[in-house]
Amino acid sequence: MARYRGPRSKKARAFNEPIFGYDKYFERKKYPPGQHGLAKRRKQKSDYAVQLMEKQKAKYTYGVLERQFRLTFEAAIRKTGVTGENLLQLLEARLDNVVYRLGISPTRSGARQLVSHGHIAVDGIVSTIPSLSLRPGHVITVRGKSQSVQTIIDSIAANSQNVRKYSWLQWNNSKMEGNFLNYPTRDQIPETINEQLIVELYSK
């Protein structure tokens, strides 16, 4: 299963955002990586560099590699509506992202691991595919024997209130079950990604 295994704090510093979640090293060094840090004079980025940076930020934020990201973008083009918004909706509809948003895991990488290890069921069927694209009406459940896993219990207890921020999701704590109600609109997606720059990059 392909996934990013490189340095996380360094990437977060490059984007000047904690894209992998809370990071104490990022909090200490909120400036670009490199030997000279803030002392180095940096050239103004070209339009292409800015667009590429935004695409890379989206990739690392959602834990998607290049080929999969490109395929997701092509699927966004085929959908009716605004391509950039479609792209973010498809990324938000990934099973690993929804498991993260529901609070079953505190990070997307942790959610990806829970899915790949068979802890999550969709409509009663165990799925081990983190990139599975959910549709409105799908029910996401922590499978029976996994409901006693301490890391899952701790994460749900810590994040149960956060689920209410996402109006396109619904969570039943007693059943450890969530519903994917609908695709979120752009203003409901909290990520600070300029999707139009990504569209412009792929349009060249």
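Observations, loosely collected:
- Residue in segment 133-143 that is under 19 Å from the mean Cα position of the chain (by Cα), at pLDDT below 95 and surrounded by fewer than 17 Cβ atoms within 10 Å (Cβ to Cβ) present: no
- Test: residue in segment 112-129 that is surrounded by fewer than 20 Cβ atoms within 10 Å (Cβ to Cβ) and touching a residue at least 60 places away in the same chain (Cβ under 8 Å): yes
- Looking across segment 189-204, the residues that are more than 15 Å from residue 98 (Cβ to Cβ) and surrounded by 14 or more Cβ atoms within 10 Å (Cβ to Cβ) come down to 193, 194, 195, 196, 197, 198, 199, 200, 201, 202.
- Subset of segment 150-162 that is surrounded by 13 or more Cβ atoms within 10 Å (Cβ to Cβ) and out of contact with any helix residue (DSSP H, G or I) (no Cβ under 7 Å at 6 or more places or on another chain) - its residue that is farthest from residue 120 (Cα to Cα): 162
- When 148, 131, 105 are checked against the criterion of being small (Gly, Ala, Ser), assigned to a loop (DSSP other than H, G, I, E, B), assigned by TED's automatic domain parsing to the domain that holds residue 175 and more than 22 Å from residue 168 (Cβ to Cβ), 148 stands alone in meeting it.
Listed here are the residues, each with its yes/no results for (1) assigned to a helix (DSSP H, G or I); (2) assigned by TED's automatic domain parsing to the domain that holds residue 153; (3) basic (Lys, Arg); (4) surrounded by 15 or more Cβ atoms within 10 Å (Cβ to Cβ).
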site	(1), (2), (3), (4)
164	yes, yes, yes, no
167	no, yes, no, no
171	no, yes, no, yes
174	no, yes, no, no
178	no, yes, no, yes
187	yes, no, no, no
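The values are calculated or read from the model by the stated rules, or taken from the named source; none is laboratory data. None of these values were measured; they are calculated from a predicted model. Cβ sites come from the backbone with ideal geometry, for glycine too, and all protein chains shown count toward neighbours.
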